[in-house]
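Undergrad: My questions all concern the structure below.
The values are calculated or read from the model by the stated rules, or taken from the named source; none is laboratory data. Since the model is a prediction, treat every value here as computed from it, not as a measurement. Note: areas computed on protein heavy atoms with side chains; ligands, DNA, RNA excluded. Shrake-Rupley method; radii C 1.70, N 1.55, O 1.52, S 1.80 Å.
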Amino acid sequence: MRLTTKGRFAVTAMIDLAMRQQSGPVTLASISQRQRISLSYLEQLFGKLRRHTLVESTRGPGGGYTLGRPMAEISVAAIIFAVDEPLDATSCGGKENCFEDGPCMTHELWTSLNQKMIEFLKGVSLRELVDKQLLRESPSSPRQVSVLREHRAALEFPTSTLQPIDFNGSRRTSIC
């Protein structure tokens, strides 16, 4: 049992939208670019999200999508169910017909797992996910040094064995 890309992409796109909607409607093209999700796939997902009132669309220039409800009121489970993502660990799809004569020996185990997953995902709000993402992106958190930034710094302050540098960082004009 695993969550497919449909559910993963829907949750990712909703986090992206929630983080950027304060500036106005967010275009699917911009989400597509940032998250590397096909635009046509996002259009399909957002059609379903809109039908479940999780997002609202604005047409025309400056149009795009905004959340249809406050972030704290949107659960991960609601997003996943809105895009028709099945959360079912049973082999029979919950129909209890694993075998011709009834459920398999582990049917109750997988049904219980389904209930626990749904409970967990209902307890995780979009607000929580956005807050975690903002903490990850905050300037106070340690960031990895960009290779490009290091390269630019090296170009600004070139060193060479032909131009010795004193301990104070200045270039020596003479070798003596």
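Undergrad: Starting from the Cα gyration tensor of the range 3-45, multiply each eigenvalue by 5, take the square root, and state the resulting semi-axes largest first in whole Å.
TA: Computed over the range 3-45, the values are 17, 11, 8 Å.
Undergrad: For ASP101, ASP84, ASP131, ASP16, what's the largest-to-smallest order of accessible area, 1.4 Å probe?
TA: Highest to lowest solvent-accessible surface, that is ASP101, ASP84, ASP131, ASP16.
Undergrad: Using amide H atoms built 1.01 Å from N in the peptide plane, name the residues 5+ places from GLY68, or on other chains, whose amide H lies under 5 Å from its own.
TA: VAL55, GLU56
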